[in-house]
Amino acid sequence: MLGNNIKELRKNKRMTQKDLAEAMRVSQQTVGAWETERAIPGADTLSDLADYFNVTTDYLLGRPDKKDDNTKTADIDDDDVIFTYEGRQIPKEDLELIRRIMRGTRNDIK
């Protein structure tokens with residue numbers, strides 16, 4: 001996974017292994033070893049690669065995005081929930097408009 005990600009990012013930048021080697025101050029053989037996973041970059045180099053390609057180290061390592069366990073959900077039809085936007089309560093008329101839009105019944109929207 002790591003090797004493929006490095007190779008993909010390098011190719012997306014239209015770089016050769018030699019170009020990346022120069023940018024990372026390593027040999028072309030080292031870049032080749034990373035891409036074939038015969039060698040794994042150390043933590044500092046991994047961080048440098050992530051910075052260079054403007055990605056996270058988790059992305060390079062192929063880790064999935066962490067799910068936000070604090071995500072709150074509520075059904076817009078639940079009248080017991082007070083919905084807010086930018087700290088202000090959304091009026092019931094606006095919630096009804098949102099419901100109609102979501103249902104695709106916009107014909108009576110003024």
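The values are calculated or read from the model by the stated rules, or taken from the named source; none is laboratory data. The structure presented is a predicted model; accordingly, all values stated were derived computationally and were not measured. In this analysis, Cβ positions are derived from the backbone assuming ideal geometry, glycine residues included, and neighbour counts consider all displayed protein chains. Please note that ligands, DNA and RNA were not included when accessible areas were found on the heavy atoms of the full protein model with its side chains. Shrake-Rupley method; radii C 1.70, N 1.55, O 1.52, S 1.80 Å.
Using the 1.4 Å probe convention, the accessible area of the chain works out to 80 Å² per residue with neighbouring protein chains retained.
A simple charge model with +1 on the Cβ of Lys and Arg, -1 on the Cβ of Asp and Glu and nothing else charged puts the dipole of the chain at about 660 debye relative to its Cα centre. Annotation: extensible slack from F83 through E37 equals 11.6 nm (criterion: 0.36 nm per residue apart, minus Cα-Cα distance). Share of the chain's accessible area from carbon and sulfur, percent, 1.4 Å? C and S atoms contribute 46 percent here. Restricting attention to region 1-79, the count of lysine pairs at 8 or more positions apart or across chains with alpha carbons under 27 Å apart stands at 5.
Rounded to the nearest 0.05, the FRET efficiency derived from the C-beta distance between A23 and R63 at R0 = 22 Å is 0.40.
If you wrap the Cα atoms of the chain in a convex hull and average its projected area over all directions, you get 11.9 nm².
Computed over the chain with a Gaussian network model linking Cα atoms closer than 10 Å, the most mobile of R63, R100, R25 is R100.
With R₀ fixed at 30 Å, the C-beta to C-beta distance from D94 to K72 puts the FRET efficiency at about 0.90.
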